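Notes to accompany the following structure.
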Amino acid sequence: VTRIADADGKTALMLHDSETVPAGNTAMFDQSGDISNPRLWYPNNSAFGSPHLYRVTSTVEIDGKTVDAVESPFGIRTITWDDNYGYVNGEKHLLNGFGNRNSYPALGAAVPPELQWKDVKLIADCNGSALRVGHFPASVATVSACDAYGVLVIQDSGDDEWALHGEPALTYKKEYDRDMIIKYRNNPSVAVGESNNGIASEKKGANYNSPPST
């Protein structure tokens, strides 16, 4: 059973499928449906709406009894670009925000989720609507907070400056980019996928032959 509810808890879509699954076997359920007149997700400080999140609950039932369930929030929005601006749901939106390294004294990158949520809230309280975490992907906690507070994420999969220095990036980097896109495909706050912080060049010691970025 798949139930999609809006931020007020009202059911927007309900899907049911059943199948007899012998012990030790695996069954794949492929469900799809349409949400009528969806409430769209908009960034913080937008004049057109708020960062509305739906919540999908996937439940496994046997003989009417729930044996497993998982919840996932998601938002519905479109993002497009022209030469000068980004547009969310067809409306022009300026990216005003911050860049950071997601690090704290004595903690380094081991920042607990509570502090990550606090940081994103501070950005939203400043009327900000964008965040770029440099040189590695923003964590699940940070992206979840950005979904909730309406902060657009420039999501980095890592770059050749330090983390990937000397790696055969034509092999590994494509895998990092792919995994990042798949992992965060349902997060409405992820607006940009950043593959590399700068242009790979022989001068930087890169160990691959890739075309220059444009």
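The values are calculated or read from the model by the stated rules, or taken from the named source; none is laboratory data. Just so we're clear, the structure is a prediction, and the values are computed from it rather than from any experiment. Cβ placement follows ideal geometry from the backbone for every residue including glycine, while neighbour counts extend to all protein chains displayed. Note: areas computed on protein heavy atoms with side chains; ligands, DNA, RNA excluded. Shrake-Rupley method; radii C 1.70, N 1.55, O 1.52, S 1.80 Å.
At a glance:
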| item | result |
| --- | --- |
| Per-region count, the range 53-89, residues open to solvent by 80 Å² or more (accessible area, probe 1.4 Å) and in a strand (DSSP E or B) | 10 |
| Residue in the range 111-131 that is on the phi > 0 side of the Ramachandran plot and either among the acidic types (Asp, Glu) or open to solvent by less than 70 Å² (accessible area, probe 1.4 Å) (or both) present | no |
| Those residues of the range 1-23 which are touching a strand residue (DSSP E or B) at 6+ places or on another chain (Cβ under 7 Å) and either open to solvent by less than 40 Å² (accessible area, probe 1.4 Å) or among the aliphatic types (A, V, I, L, M) (or both), in sequence order | VAL1, THR2, ILE4, ALA5, ASP6, ALA12, LEU13, MET14, LEU15 |
| Positions within the range 26-38 being under 19 Å from ALA69 (Cα atoms) and either touching a strand residue (DSSP E or B) at 6+ places or on another chain (Cβ under 6 Å) or not hydroxyl-bearing (Ser, Thr, Tyr) (or both), in sequence order | ALA27, MET28, PHE29, ASP30, GLN31 |
| Top-ranked residue in the range 108-143 [being part of a strand (DSSP E or B) and more than 19 Å from PHE48 (Cα to Cα); ranked as modelled with the highest pLDDT] | LEU131 |
| Condition broken by ARG132, with the remaining ones in (1) in contact with a strand residue (DSSP E or B) (Cβ under 9 Å, 6 or more places away or on another chain); (2) over 25 Å from SER195 (Cα atoms) satisfied | (2) |
| Qualifying residue in the range 99-107 (condition: closer than 18 Å to PRO188 by Cβ and not in a loop (DSSP other than H, G, I, E, B)) | no |
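Residue by residue, here is whether (1) within 28 Å of ALA124 (Cα to Cα); (2) of a type in the set (Lys, Arg); (3) touching a residue at least 12 places away in the same chain (Cβ under 8 Å); (4) touching a helix residue (DSSP H, G or I) at 6+ places or on another chain (Cβ under 9 Å) holds:
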| residue | (1), (2), (3), (4) |
| --- | --- |
| HIS16 | no, no, yes, no |
| ALA23 | no, no, no, no |
| ASP30 | no, no, no, no |
| VAL56 | yes, no, yes, no |
